Structure formats: structure tokens, C-alpha cells
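For reference, the structure is listed below as C-alpha cells.
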Amino acid sequence: MIPLVEAPIEQYCREHSTAPSALLQELEAYTIAHCAQSQMLTGPVEGALLRLLVQLTGARRILELGMFTGYSALSMAEALPADGKILSCDVDPQTTAIARSFFDRSPHGGKIEIRLGPALDTLAALESGREFDLVFMDADKENYIAYYDAVLPRLRPGGLVIADNVLWSGAVLHPQQQSDHAIVAFNTHVQLDPRVENVMLSVRDGVMLARKR
Ligand SMILES: C[S@@+](CC[C@H](N)C(=O)[O-])C[C@H]1O[C@@H](n2cnc3c(N)ncnc32)[C@H](O)[C@@H]1O
């Protein structure tokens, strides 16, 4: 897993990226103080990347798989125009309640709709024809290929899939656990997919960007 102590090079990246809002800083501190597995939170550098990608793509309709305490959702919501929307999925009612309490304090929180339940069920129940401009995948890694194949038909041409943790703390080089193999299989799946143009970034724990042709 991602180490809790920030490496000097990560700190340097953070110091040279646009700072998060005061509410995001508070959410990060709250999550670290109160939540097990607080290292799951995307954090300031990836949050800044997500904000930029939302703005650069002009996304208005975002789907998020894996919300946790809401850091990535709120980061993207802050970058969306006033009529932009995020549909965010998670299975954990406790972290979802924390996320909701922070969204309620943000002028951008109204852009985020939460769906509690397994993301594959949420995807299967979506209205036919519902499309997204950008999808951020950050839920359970074993389902990454299933998520990707479910969301790609709902992505508009030119839309972007962003998948987090694609380096899996380096385990992709020597996979042993089931989740290691799942990430390796996902990365190969995207790399071989003629429907997209993709790049793997070594930001934080690895971020795959795949643009639908
Ligand atoms: C890495 S965390 C997400 C971090 C979040 N994007 C952030 O920036 O703080 C992964 C989340 O996926 C959720 N999750 C796990 N399995 C899931 C599933 N089957 N469907 C939806 N969410 C799931 C977990 O409850 C957890 O909150």
C-alpha cells in the first residue's frame, strides 16, 4: 500500500502544485485523524491533477467509482462549471457520511450525487443512454476491468477514463496478491484496447489516462 509518510519527492511535488481549498485541507486532516486506511485518499497532488483534467476536458458529467471520504469528488466538483454533475459511488456508509458532511459545507457540494452500493450494481441500474465526459475509477481493484468495460460505452467520444493506483505501490512489477494481478491485467487490458489512446503516469500510486477515440 501507499506509505503514510510522504517521501521528499512527493512533498516537493505538492509544494509545486496549486494548493487545495481550505475545506479540502480540512477533509484531508479529518480523514487522517479519524479513518482507518486514510492513505486511500487521493490527496493534494492528484486532487490538483483531477481539477486540471476536469477543466482541460471541459467535462460536465462525471462518474466516480470509489468516493471514500470525498476528497477526489470534492476536488473535481470545485473545478466543474455551475451546471456540472458528479455521480459518485461507494459501498461504505460511514465514509460516505463523512463525505456528505463535507459536501454540505461546500458551495460545490450540490454538484455531487452519491449512490451507496456496489458500483457494478449502480452501473447496471443507470438509465440507458446516460453518458459521461469523464470517469474516475478508484474503487476495488479486482473489478477494474469490469468497471472499465461497463463505463467505456457510456463515455462520449473524446471522453476520459482516469484510473487510480495502476502502479499499486510497485507490485505490478512482481505481482503476487490477487489485487496485484488484477491491476496488471487491467493495465494490459487498456494498453491493448484499440478504442482508446492512453498514457500511464507515475503520479502518486500511478494514474492511467485513457481517452476514448
Ligand atoms: C481508494 S478509496 C477511494 C478514495 C477516494 N477516491 C478519495 O479520493 O478519497 C476506494 C473506495 O472504494 C470503495 N469501494 C470498494 N469496493 C467497492 C464497490 N464494489 N463499489 C463501490 N465502491 C467500492 C471503498 O469503500 C473505498 O471508499
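The values are calculated or read from the model by the stated rules, or taken from the named source; none is laboratory data. These numbers come from a predicted model, not from an experiment. Neighbour counts run over all protein chains shown; Cβ positions are idealised from the backbone, glycine included. In case anyone asks, the SASA skips ligands and DNA or RNA and just uses the protein heavy atoms, side chains included. Shrake-Rupley method; radii C 1.70, N 1.55, O 1.52, S 1.80 Å.
Hey, can you find the accessible area per residue of region 8-212 for me, probe 1.4 Å, expressed in square angstrom?
Numbers: 9360 Å² over 205 residues.
Solvent-accessible surface per residue comes out at 46 Å².
Quick one: Debye curve from the alpha-carbon atoms of region 82-213 only, equal weights, vacuum; give me log10 I(q)/I(0) at q = 0.12, 0.16, 0.20, 0.21 Å⁻¹ to two decimals.
Rounded to two decimals, the profile gives -0.51, -0.90, -1.27, -1.34.
As a check on your grasp of the helix formula, calculate [θ] at 222 nm for the chain: sum -39500 (n - 2.57) over DSSP H runs of n ≥ 4, divide by the residue count, round to the nearest 500.
The per-residue figure over the chain is -12000 deg cm²/dmol.
Check which residues have an amide H placed less than 5 Å from R115's amide H, if you skip close sequence neighbours.
Excluding prolines and chain starts, which carry no amide H, the hits are S88, C89, D90.
For the chain, set up a Gaussian network in which alpha carbons nearer than 10 Å are linked by springs, and say which option among P157, P81, P107 fluctuates the most.
In this elastic network of the chain, the residue with the biggest mean-square fluctuation among P157, P81, P107 is P107.
In nm, to one decimal, how far is the R213 label point from the L56 one, both placed 7 Å along Cα→Cβ?
In this crude label model, R213 to L56 measures out at 2.1 nm.
Calculate one ³J(HN,Hα) per residue across region 153-167 by plugging θ = phi - 60° into the Karplus curve 6.51 cos²θ - 1.76 cosθ + 1.60, and present them in order as whole Hz with x for glycine and proline.
Taking θ as phi minus 60°, the curve returns x, 8, 8, 5, x, x, x, 10, 9, 10, 10, 8, 6, 6, 9 Hz for region 153-167.
Contour minus end-to-end for S128 and E6, with contour as 0.36 nm per residue of separation and end-to-end as the Cα-Cα distance?
Full-extension gain reported as 39.6 nm.
On a straight-distance basis, which aspartates and glutamates could pair with K212 in a cross-link, Cα separation under 15 angstrom, same-chain partners fewer than 8 positions away excluded?
E131, D133, D149, D193, E197
Each label point is 7 Å from the Cα along the Cα-to-Cβ direction; what then is the distance between the points at S179 and A82, in nm?
Placing both labels 7 Å along Cα→Cβ, they lie 4.2 nm apart.
As an exercise, use a Förster radius of 22 Å and the Cβ-Cβ distance of E197 and A146 to find the FRET efficiency, rounded to the nearest 0.05. Show your work: numbers first, answer last.
On the way: r = 22 Å, r/R0 = 0.99.
Once rounded, the FRET efficiency stands at 0.50.
Ignoring ligands, DNA and RNA, what percent of the accessible area of the chain is carbon or sulfur (1.4 Å)?
Reported share for carbon and sulfur atoms: 57 percent.
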